[in-house]
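Working notes, structure below.
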Amino acid sequence: MTSATPGGEAQYELRSKRVWVAGHRGMVGAALVRRLATEGCEIVTVDRSAVDLRRQEPTERWIAGTRPQAVFVAAARVGGILANASQPADFLYDNLAMETNIIHGAFKAGVEKLLFLGSSCIYPKHAPQPIPESALLTSVLEPTNEWYAVAKIAGLKLCQAYRRQHGADFISAMPTNLFGPGDNWDLETSHVVAALIRKAHEAKEKGAGELVIWGSGKPRREFLHVDDCADALVEIMKRYSAEEHINVGSGEDLEIGDLAQLIADVVGFKGRIANDPEKPDGTPRKLMSGDKLKAMGWKPRLGLRDGLANAYAAFLAEHTGATP
Ligand code: GFB
């Protein structure tokens with residue numbers, strides 16, 4: 001196992017390694033595949049139609065047969081605040097099953113290094129801001145996404161347990177709210193950025209006078225473009241080796257109402273922004289401390305406005321087939 005030196009020199013070489021991106025069709029997995037293309041490694045993937053990662057036997061058989069040396073665990077059932085709150089069984093079961101099968105299968109197959117991805121919703125609803133990694137399990141979770149959070153905490157703990165008991169070099173990273181190419185543009189199940197890009201675009205096209213956002217617009221969130229996230233994750237895979245997970249964020253947050261205005265500007269929607277108070281706000285604030293990642297010398301390349309412009313271009317290409 002590589003030594004625990006966050007912020008230290010390169011420890012794990014990806015060049016010439018066989019690297020499995022689990023969940024390569026998701027937004028983060030696809031960004032990892034794009035980013036890893038420059039690392040000189042062999043990228044391996046498997047489609048859901050060939051192996052259902054929620055099934056232990058086919059998953060372990062595939063891992064044993066493919067023998068990856070490094071694994072990024074980006075396979076997950078994900079969704080926005082409403083999807084999380086309305087499908088608790090799917091979010092808990094699917095995520096527990098996938099992460100258990102992948103992590104245990106990777107251990108049995110002698111994987112050299114594994115990076116498990118979680119989410120900033122693992123932290124307590126009223127965690128101190130910015131949230132340090134040490135805030136984990138210090139008080140109760142946000143109820144709208146506790147099912148997903150419990151599954152992700154279990155995945156993180158599984159990595160710690162294999163590390164402690166077997167010396168496996170398994171680590172975890174907790175990205176903040178992400179957006180970008182490959183996002184889910186469905187209005188019911190998406191996260192806020194994808195939803196507001198679509199709503200602003202459709203309101204502009206129809207010449208509508210208003211764009212309705214869920215909740216009060218007061219909650220604060222931190223956002224990171226998925227390509228910056230993938231870049232950070234590759235850096236972490238190469239240079240981080242410790243039992244504690246590591247936060248991955250931009251270090252800045254804003255109110256959802258201000259995000260909506262920024263998206264309206266980027267998209268060119270000139271109308272009014274209204275609220276739907278029937279919809280949940282979720283956790284009041286979720287800004288993570290990025291001190292550990294900063295100590296490694298990493299910072300995001302894209303500012304929020306540029307990142308949103310890139311995501312709008314992706315929406316036009318992926319959802320409407322148009323170009324900006
Ligand atoms: O991105 P989001 O769905 O997830 O919502 P969370 C963030 C905030 O944006 C909430 C508000 O306060 C929403 O009420 N919002 C405003 C909207 N308009 C909209 C809209 O049209 N669609 C959506 N989706 N939100 C998720 C968790 O929490 O974050 C997951 O449920 C995961 O488990 C993910 O951790 C990163 O930030 O509230």
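The values are calculated or read from the model by the stated rules, or taken from the named source; none is laboratory data. All of these numbers come straight from a predicted model, not from anything done at the bench. For neighbour counting, all protein chains shown are included, and Cβ atoms are generated from backbone atoms with ideal geometry for every residue, glycine included.
The residues of region 112-134 that are in contact with a helix residue (DSSP H, G or I) (Cβ under 9 Å, 6 or more places away or on another chain) and farther than 30 Å from residue 67 by Cα, listed by number, are 121, 122, 123, 124, 125, 127, 128, 130, 131, 132, 133.
Among the residues of region 139-157, count how many are among the aliphatic types (A, V, I, L, M), in a helix (DSSP H, G or I) and within 13 Å of the ligand (Cβ to nearest atom).
Step one: list which residues in region 139-157 are among the aliphatic types (A, V, I, L, M), which gives 140-141, 149-151, 153-154, 156.
This time we only want the ones that are in a helix (DSSP H, G or I), so: 149-151, 153-154, 156.
Still in the running and within 13 Å of the ligand (Cβ to nearest atom): 149-151, 153.
Result for region 139-157: 4.
If you go through region 283-300, how many residues are part of a strand (DSSP E or B) and among the charged types (D, E, K, R)? Of the residues in that region, 2 qualify. Filtered by the rule that a residue be crowded, with 17+ Cβ neighbours inside 10 Å, within 19 Å of residue 293 (Cα to Cα) and more than 9 Å from the ligand (Cβ to nearest atom), region 119-128 gives a lone residue, 123. Screening region 195-215 for residues that are under 19 Å from residue 27 (Cβ atoms) and more than 8 Å from the ligand (Cβ to nearest atom) and picking the one that is surrounded by the most Cβ atoms within 10 Å (Cβ to Cβ) gives 197.
Sub-9 Å Cβ pairs linking a first residue in region 130-150 that is closer than 20 Å to residue 222 by Cβ to a second residue that is more than 15 Å from the ligand (Cβ to nearest atom) and of a type in the set (S, T, N, Q), at least 6 apart or interchain, are 130/289; 131/289; 132/289; 133/289; 135/289, ordered by first then second residue.
If I filter region 255-274 for residues that are of a type outside the set (S, T, N, Q), modelled with pLDDT of 95 or more, under 19 Å from the mean Cα position of the chain (by Cα) and surrounded by fewer than 17 Cβ atoms within 10 Å (Cβ to Cβ), do I get at least one hit? No. Please enumerate the residues belonging to region 216-261 that are within 11 Å of the ligand (Cβ to nearest atom) and within 17 Å of residue 182 (Cβ to Cβ). Hits for region 216-261 are 223, 224. Inside region 63-91, residues that are farther than 26 Å from residue 122 by Cα and free of Cβ contacts under 8 Å to residues at least 24 places away in the same chain make up a count of 1.
For region 84-113, what are the residues that are among the basic types (Lys, Arg) and part of a helix (DSSP H, G or I)? Of everything in region 84-113, just one residue is among the basic types (Lys, Arg) and part of a helix (DSSP H, G or I), namely 108.
Quick test for you: out of 281, 231, pick the one residue that is touching a residue at least 60 places away in the same chain (Cβ under 8 Å) and either hydroxyl-bearing (Ser, Thr, Tyr) or in contact with a Gly (Cβ under 8 Å, 6 or more places away or on another chain) (or both).
281
Is it the case that some residue within region 92-111 is in contact (Cβ under 8 Å) with a residue 40 or more places away in the chain, within 16 Å of the ligand (Cβ to nearest atom) and under 24 Å from residue 215 (Cβ atoms)? Taking every residue of region 92-111 in turn, at least one turns out to be in contact (Cβ under 8 Å) with a residue 40 or more places away in the chain, within 16 Å of the ligand (Cβ to nearest atom) and under 24 Å from residue 215 (Cβ atoms).
Quick check on residue 303: is it surrounded by fewer than 18 Cβ atoms within 10 Å (Cβ to Cβ), over 25 Å from residue 244 (Cα atoms) and not polar (S, T, N, Q)? It is true that residue 303 is surrounded by fewer than 18 Cβ atoms within 10 Å (Cβ to Cβ), over 25 Å from residue 244 (Cα atoms) and not polar (S, T, N, Q). Please go through region 158-191 and give me each residue that is within 16 Å of the ligand (Cβ to nearest atom), in contact with a Cys (Cβ under 8 Å, 6 or more places away or on another chain) and farther than 25 Å from residue 86 by Cα, ordered by number. The answer is 172, and nothing else. Of the numbered criteria (1) closer than 20 Å to residue 182 by Cα; (2) surrounded by fewer than 18 Cβ atoms within 10 Å (Cβ to Cβ), the one residue 76 fails is (2).
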